[in-house]
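Notes to accompany the following structure.
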Amino acid sequence: LPDSASSYDIDADENAEQSLADYPVTNGSINGVANSNLIAAVDNEPFSAQSRYKDLLNTFQLSLPSLSHLPSFRPISATDVFCNRELRFDNLRAIGFDMDYTLAQYQQPGFDKLAFDGAKEKLVHSLGYPEEVLDFEYDHAYWVRGLIIDTQRGNFLKIDRHKYVRMAYHGFQPISSNMRKYLYSRTFNKVPSFTEKYFVNMDTLFQHVDAHLFASLVEMKDYGEHEFLDGKTYEEIYRQVRECVD
């Protein structure tokens with residue numbers, strides 16, 4: 001975006017952020033309607049969790065028996081999630097969750113296997129990949145974070161803090177020392193940056209799915225007899241894997 005652009009130029013729901021200023025929550029009152037439970041909370045008067053939300057539940061005609069099991073006060077923990085600004089939830093049309101463990105703990109490897117199997121189905125039934133792709137099995141223990149995927153060559157790299165490639169694999173096959181140095185250390189006085197678009201950093205657990213599926217397809221392209229894959233580059237295969245996992 002240009003420097004002069006503001007969020008209003010691209011945010012179609014700016015009213016959802018601004019309506020709080022028009023109808024602020026002040027002195028235990030929302031939209032001018034007093035809320036005795038909120039006032040009690042501000043004054044630190046003891047009351048049960050069920051009575052705390054009584055007005056809200058009555059408004060929406062809800063009944064939550066489980067509220068009676070909640071403590072009247074809950075101590076604040078360093079692991080709690082807080083909102084960093086006030087926002088009127090009644091103006092939100094959807095709430096999304098980012099896949100980074102901030103608000104949800106994912107059950108792995110079950111979650112990964114679900115993504116892996118779904119991506120296989122898309123590759124075969126939507127993009128025309130060979131049926132043998134459906135036989136791929138996901139191995140979550142094979143991968144670690146911190147690797148780099150060379151999508152142009154179908155390689156997986158482990159580098160040190162000086163950006164020297166210590167170990168390299170092509171698919172699931174180890175690359176010899178001489179070939180590794182030829183590919184990634186040809187010039188002594190020039191350190192590769194690994195910032196080109198065809199290098200992908202495996203910095204989250206979710207990319208293990210991409211890596212395993214991509215490595216499996218690299219093996220199939222190199223050692224199988226599939227004209228479909230012969231006509232594709234490694235980079236194109238990785239791009240389609242990424243699309244199907246998403």
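Couple of notes before you dig in:
- Candidate set from region 63-81 (those that are assigned to a loop (DSSP other than H, G, I, E, B) and surrounded by 10 or more Cβ atoms within 10 Å (Cβ to Cβ)); member that is modelled with the highest pLDDT: Leu64
- From the list Asp139, Asp112, Asp160, the lone residue that is of a type in the set (D, E, K, R) and closer than 26 Å to Glu225 by Cβ is Asp139.
- The lone exception for Glu243 - which of (1) under 22 Å from Asp112 (Cα atoms); (2) open to solvent by less than 80 Å² (accessible area, probe 1.4 Å) it fails: (2)
- In region 82-97, the residue that is modelled with the highest pLDDT out of those that are in contact with a helix residue (DSSP H, G or I) (Cβ under 7 Å, 6 or more places away or on another chain) and among the hydrophobic types (A, V, I, L, M, F, W, C) is Leu92.
- Within region 125-146, being of a type outside the set (Asp, Glu) and part of a loop (DSSP other than H, G, I, E, B) holds for Ser126, Leu127, Gly128, Tyr129, Pro130, Phe136, Tyr138, Trp143, Val144, Arg145, Gly146.
- Total residues in region 126-148, condition under 14 Å from Leu217 (Cα atoms) and not aromatic (Phe, Trp, Tyr): 9
- Residue ranges of helices (runs of 4 or more DSSP H) in region 159-232 with at least 1 members basic (Lys, Arg) and surrounded by 10 or more Cβ atoms within 10 Å (Cβ to Cβ): 177-184, 207-223
The values are calculated or read from the model by the stated rules, or taken from the named source; none is laboratory data. Predicted model only: the values in this text are computed from it and were never measured. Neighbour counts are summed over all protein chains in view; Cβ atoms, including those assigned to glycine, are modelled from backbone coordinates with ideal geometry. Please note that ligands, DNA and RNA were not included when accessible areas were found on the heavy atoms of the full protein model with its side chains. Shrake-Rupley method; radii C 1.70, N 1.55, O 1.52, S 1.80 Å.
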